[in-house]
Amino acid sequence: MRTFTYLIFLLSMPFLACTSEEDTLPRGTQLLRNTDLSSNPNSITPWNSIGSQGFNLGVSTEIFRSGSQSIFIENLDSLNINLGTWTQTYRGIIPNAGRRISLRAYLKGEDIRTFGPESNIYISMRMFPVEDDNGSTGGRFISSQSRVLVNGTFDWRPLEVSLNSIPPQVEFIVVYLVMGPRTTGKVFFDDITLRVD
């Protein structure tokens with residue numbers, strides 16, 4: 001009987017190892033790369049801009065919070081209904097379902113003005129696929145858009161949003177830094193982190 005129990009224990013070891021490997025992300029683990037946008041002075045990879053008509057998206061080597069550069073979004077047309085967006089995709093080990101993750105970015109604003117209910121500067125994250133096997137989209141998107149209104153001219157300040165419980169069946173995560181429709185001015189982003197809490 002003792003040999004049988006020992007055999008069962010040995011056979012279960014690979015499964016126990018898999019379970020611990022799936023949850024190897026300790027609290028505080030940083031999921032994004034190039035968080036200060038300065039790992040390479042010639043590239044901000046893996047950050048990507050999604051420019052829309054009327055928006056100017058770029059890199060500033062004159063204004064930054066840490067490192068040697070930041071990224072910015074600028075719009076001068078209060079009637080522009082497009083979006084200006086920076087993104088990064090995380091395709092590494094996904095924290096186990098139920099874990100908490102937090103997205104934080106530091107913003108610096110120059111004459112930010114909003115001209116409608118959808119106007120704002122915000123950060124968000126989306127889990128992909130957008131539906132699980134049961135067709136549920138619950139808990140797969142979170143945004144600061146309706147929580148904090150960003151206005152005026154201001155120095156570096158944090159903006160944070162947290163997903164309290166990662167849903168099951170997540171394959172990758174995309175973070176977004178956005179200037180919404182009918183928002184004018186110039187906003188800089190730096191020190192963007194996605195951490196396991």
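The values are calculated or read from the model by the stated rules, or taken from the named source; none is laboratory data. In this text the structure is predicted, and so the values were computed from the model without any measurement. Glycine gets a Cβ as well: all are built from the backbone with ideal geometry, and neighbour counts include every protein chain shown. Keep in mind that these areas ignore ligands, DNA and RNA; they rest on the heavy atoms of the full protein, side chains included. Shrake-Rupley method; radii C 1.70, N 1.55, O 1.52, S 1.80 Å.
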From largest accessible area down, sort ASP190, ASP133, ASP197; use a 1.4 Å probe on the protein chains. ASP133, ASP197, ASP190
Accessible area of the chain belonging to carbon and sulfur atoms, whole % at 1.4 Å probe: 52 percent
So if each residue of separation counts as 0.36 nm, and I subtract the Cα-Cα distance between SER165 and ASN34, what length gain in nm does that give? 44.7 nm
Protein-only accessible surface order, largest first, of PHE189, PHE172 at 1.4 Å: PHE172, PHE189
Stretch gain in nm, segment GLU110-THR45, where the contour uses 0.36 nm per residue and the Cα spacing is subtracted: 20.9 nm
Paired Rg and Dmax values of the chain, which use every Cα atom, in angstrom: 20.4, 79
Listed residue (GLY185, GLY138, ILE44) projecting farthest to the positive dipole end of the chain, Cβ model: GLY138
Please get the size of the charge dipole for the chain, origin at its Cα centre, with Cβ charges of +1 on Lys and Arg and -1 on Asp and Glu, quoted in debye to the nearest 20. 320 debye
5 Å is the cut-off here: which amide hydrogens, built 1.01 Å from N in the peptide plane, fall below it relative to ARG182, excluding neighbours closer than 5 in sequence? ASN80, ILE81, ASN82
